[in-house]
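The numbers here are math on the coordinates, done by the rules we state, and not lab data. Small disclaimer: the values here were computed from a predicted structure and weren't measured. All Cβ positions, glycine included, derive from the backbone under ideal geometry; neighbour counts span all protein chains shown.
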Amino acid sequence: MPIFEFVCINCNEKYEIITTLGDEPPKVCLKCGGTLKKVFHPVGIVFKGSGFYTTDYKKKSEKTDNEDKNKGEK
């Protein structure tokens, strides 16, 4: 089950609450009785290794390699 973070608008009290996706989210702060608001965090995705850019998987054709060699000989 996912853990959701809520913060009170009045007193800034933070709560981490385990609920299912179908459950009604909590609406009242336990400390002051204020309104709770769901906190959204960015997803932590890190792309490591090769294969994420066009330069990582693009191969030069043999014709281009031969032309580069010939230019160096002139």
In order through the stretch 24-36: 3J(HN,Hα) via Karplus (6.51 cos²θ - 1.76 cosθ + 1.60), integer Hz, x for Gly, Pro
6, x, x, 10, 10, 5, 6, 7, 10, x, x, 7, 9
Compute the distance in nm between two label points, each set 7 Å from the Cα along the Cα-to-Cβ direction, one at Leu30 and one at Lys48.
3.7
